[in-house]
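One structure is given below, represented as structure tokens, and several questions about it will come after.
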Amino acid sequence: MILGSWKTATIAASGTLSGAVDLGRDYEFLEVILPTITSAVISVNVSDTSGGTYQALVHTSPTAVGHFVPGTTAGTGGLTALYRLGGFQHVKLLSGATQAAERAFTIRGMNPE
């Protein structure tokens, strides 16, 4: 397995979207360690270029890893999520609810060998 360096994606207090994070190369998967947050579904936005337009990452397969299982929220922390990026390098995290305080998520890209 090829593991990228750990990076931080931060969602500001009263915000829902993190700043852009450059993973350093294209990755198939994104590992996200979630801090305690205001209960919300966390999803991923991607761009094909640095400073480009970010769009929601959506998977059409019902078994694809790309978001939390519907109805599952992150609110207590102590949770690690795995998202299928499909070869993107530039990501932002999106919270389904405004955060009460600044939230720092620890993330890294992963590729199977």
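Scanning segment 78-101 for residues that are in a loop (DSSP other than H, G, I, E, B) and either open to solvent by 20 Å² or more (accessible area, probe 1.4 Å) or of a type in the set (Val, Ile, Thr) (or both), which turns out modelled with the lowest pLDDT? Steps first, please.
Step one: list which residues in segment 78-101 are in a loop (DSSP other than H, G, I, E, B), which gives 78, 96-101.
Cutting the leftovers down to either open to solvent by 20 Å² or more (accessible area, probe 1.4 Å) or of a type in the set (Val, Ile, Thr) (or both) gives us 78, 96-98, 100-101.
Details: 78: 68, 96: 89, 97: 91, 98: 94, 100: 92, 101: 94.
By that ranking, first place goes to 78.
If you don't mind, there's one more thing I want to ask. One residue is enough: does segment 25-46 have a residue meeting the conditions in a loop (DSSP other than H, G, I, E, B), surrounded by 12 or more Cβ atoms within 10 Å (Cβ to Cβ) and modelled with pLDDT of 95 or more? Spell out how you get there, then give the answer.
Our first condition is that a residue be in a loop (DSSP other than H, G, I, E, B); within segment 25-46, this holds for 35-39, 41.
From what is left, the residues that are surrounded by 12 or more Cβ atoms within 10 Å (Cβ to Cβ) are 35-39, 41.
Now restrict to residues that are modelled with pLDDT of 95 or more: none.
The answer is no, given that none of the residues of segment 25-46 is in a loop (DSSP other than H, G, I, E, B), surrounded by 12 or more Cβ atoms within 10 Å (Cβ to Cβ) and modelled with pLDDT of 95 or more.
Search segment 47-58 for residues being under 14 Å from the mean Cα position of the chain (by Cα) and assigned to a loop (DSSP other than H, G, I, E, B), and hand back the single one that is modelled with the highest pLDDT.
First pass over segment 47-58, keeping only residues under 14 Å from the mean Cα position of the chain (by Cα): 47, 54-58.
Still in the running and assigned to a loop (DSSP other than H, G, I, E, B): 54, 57-58.
Numbers: 54: 96, 57: 89, 58: 82.
My answer is 54.
Hey, another quick one. Taking residue 8 as the residue in question, decide whether it is surrounded by 11 or more Cβ atoms within 10 Å (Cβ to Cβ) and in a strand (DSSP E or B).
Details: surrounded by 11 or more Cβ atoms within 10 Å (Cβ to Cβ): yes; in a strand (DSSP E or B): yes.
Against the criterion (surrounded by 11 or more Cβ atoms within 10 Å (Cβ to Cβ) and in a strand (DSSP E or B)), residue 8 qualifies.
The values are calculated or read from the model by the stated rules, or taken from the named source; none is laboratory data. As the structure is a prediction and not an experimental result, all values here were calculated from the model. Glycine gets a Cβ as well: all are built from the backbone with ideal geometry, and neighbour counts include every protein chain shown. The accessibility values were calculated without ligands, DNA or RNA, using every heavy atom of the protein model including side chains. Shrake-Rupley method; radii C 1.70, N 1.55, O 1.52, S 1.80 Å.
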